[in-house]
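What follows is a set of notes on a single structure, which appears directly below.
The values are calculated or read from the model by the stated rules, or taken from the named source; none is laboratory data. It should be emphasised that the depicted structure is a prediction, and the values quoted were computed from it without experimental measurement. Virtual Cβ from ideal backbone geometry, glycine too; neighbours counted across all protein chains shown. The area values use the complete protein model at the heavy-atom level, side chains included, leaving out ligands, DNA and RNA. Shrake-Rupley method; radii C 1.70, N 1.55, O 1.52, S 1.80 Å.
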Amino acid sequence: MLDEQLIAEAKVPGLRPTQQQRSRALVVRLMNEGLALLEEHDFDGLSVEALCARCGTTVGSFYARFESKDAFVDTLQRLVVEDRRRELAARYGSDRIPRDDLVQLLNWITKGGIIWLKRHHGLVRASLRRAGSDLGSWTPMRELGRIQVEYALPMIVDLLGGRSTPDLEQRIRFAFQIMYGTLNNMILIDPGPLTLQDAATPRLLATAMHRLIEPDSGHP
């Protein structure tokens with residue numbers, strides 16, 4: 001759930017400033033109900049009228065805060081990305097992250113990524129489809145992926161002896177690209193045989209990443 005503090009601090013382009021607490025509370029409702037509606041409808045099927053009805057407000061109130069439906073979804077995406085950025089900073093700085101075993105670390109990464117994607121499945125699906133006609137609309141999501149790689153890469157290098165090489169860094173970055181590409185494909189077209197819901201998905205993704213990063217490990 002997005003909250004008032006995040007919306008006040010994020011300074012997201014496209015979100016017109018709100019001074020009154022009542023107005024800020026309405027923006028929070030619009031954002032969270034927008035996320036809920038995107039679980040049920042794609043971007044094209046997202047109705048501003050239905051969104052306003054769920055929030056108990058008028059269409060005029062919506063357009064007083066957002067220039068268009070595109071601007072609303074752009075703002076929603078940036079707020080979710082900022083929320084995830086803060087979450088990643090906390091997660092990678094916590095004592096719960098596996099720091100002694102590469103396989104456990106990769107499993108932790110894939111499992112956490114899938115949990116987040118399940119939570120924001122509708123928004124990510126809408127963002128992927130919009131990117132088909134507007135590549136720039138995917139920029140915040142792409143930046144989020146880069147942020148996670150920058151957190152994880154030095155930890156992975158340390159677990160492999162601490163000596164970084166261009167080849168190793170390239171393999172690590174491409175392993176993350178494989179993870180992101182696989183998960184995005186599951187959201188966009190769900191090709192099977194596995195889905196985000198399958199318990200084996202995070203483990204198999206972590207195994208694929210590990211075999212690319214450390215091909216000579218001999219780990220099953």
- Message: So, R78, is that one among the charged types (D, E, K, R), touching a residue at least 24 places away in the same chain (Cβ under 8 Å), surrounded by 12 or more Cβ atoms within 10 Å (Cβ to Cβ) and within 23 Å of M209 (Cα to Cα) or not?
- Response: no
- Task: Select from the stretch 40-61 the residues that are modelled with pLDDT under 90 and either over 27 Å from W138 (Cβ atoms) or crowded, with 17+ Cβ neighbours inside 10 Å (or both) and list them in ascending order.
- Result: F43
- Query: Across the stretch 37-75, what is the total count of residues that are polar (S, T, N, Q) and within 20 Å of L128 (Cα to Cα)?
  - Reply: 3
- Task: Of the conditions (1) modelled with pLDDT of 95 or more; (2) over 30 Å from P154 (Cβ atoms), V103 clears all except one; give me its number.
- Result: (2)
- Can you tell me which residue within the stretch 135-149, out of those that are of a type in the set (A, V, I, L, M) and out of contact with any Leu (no Cβ under 9 Å at 6 or more places or on another chain), is surrounded by the fewest Cβ atoms within 10 Å (Cβ to Cβ)? L135
- Filter result for Q104 (open to solvent by 20 Å² or more (accessible area, probe 1.4 Å), of a type outside the set (K, R), over 14 Å from Q77 (Cβ atoms) and assigned to a helix (DSSP H, G or I)): yes
- Item | Members of the stretch 62-74 found to be assigned to a helix (DSSP H, G or I) and either touching a residue at least 60 places away in the same chain (Cβ under 8 Å) or open to solvent by 30 Å² or more (accessible area, probe 1.4 Å) (or both), listed by number | Y63, A64, R65, K69, D70, D74
- Message: Being modelled with pLDDT of 95 or more and open to solvent by 40 Å² or more (accessible area, probe 1.4 Å) is the requirement here; does A208 meet it?
- Response: yes
- Message: Which of the numbered conditions does K111 fail, given that it passes all the others? Conditions: (1) within 30 Å of L30 (Cβ to Cβ); (2) open to solvent by 60 Å² or more (accessible area, probe 1.4 Å); (3) within 14 Å of the chain's Cα centre (by Cα).
- Response: (1)
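A quick yes/no check of all residues on (1) of a type outside the set (V, I, T); (2) on the phi > 0 side of the Ramachandran plot; (3) touching a residue at least 40 places away in the same chain (Cβ under 8 Å):
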| position | (1), (2), (3) |
| --- | --- |
| V149 | no, no, no |
| L159 | yes, no, yes |
| R171 | yes, no, yes |
| M186 | yes, no, no |
| D190 | yes, yes, no |
| P193 | yes, no, no |
- Message: I need the full set of residues from the stretch 183-206 which are over 15 Å from G112 (Cα atoms), in a helix (DSSP H, G or I) and of a type in the set (V, I, T), in order please.
- Response: I187
- Query: of a type in the set (A, V, I, L, M), under 24 Å from E82 (Cβ atoms), open to solvent by less than 40 Å² (accessible area, probe 1.4 Å) and assigned to a helix (DSSP H, G or I), is that true of A152?
  - Reply: yes
- Note on the structure: Of those in the stretch 158-205 that are open to solvent by less than 70 Å² (accessible area, probe 1.4 Å) and of a type in the set (D, E, K, R), the residue farthest from R129 (Cα to Cα) is E169
- Specify which of the listed residues (S94, S137) is out of contact with any helix residue (DSSP H, G or I) (no Cβ under 9 Å at 6 or more places or on another chain) and either farther than 20 Å from F176 by Cα or in a helix (DSSP H, G or I) (or both). S94
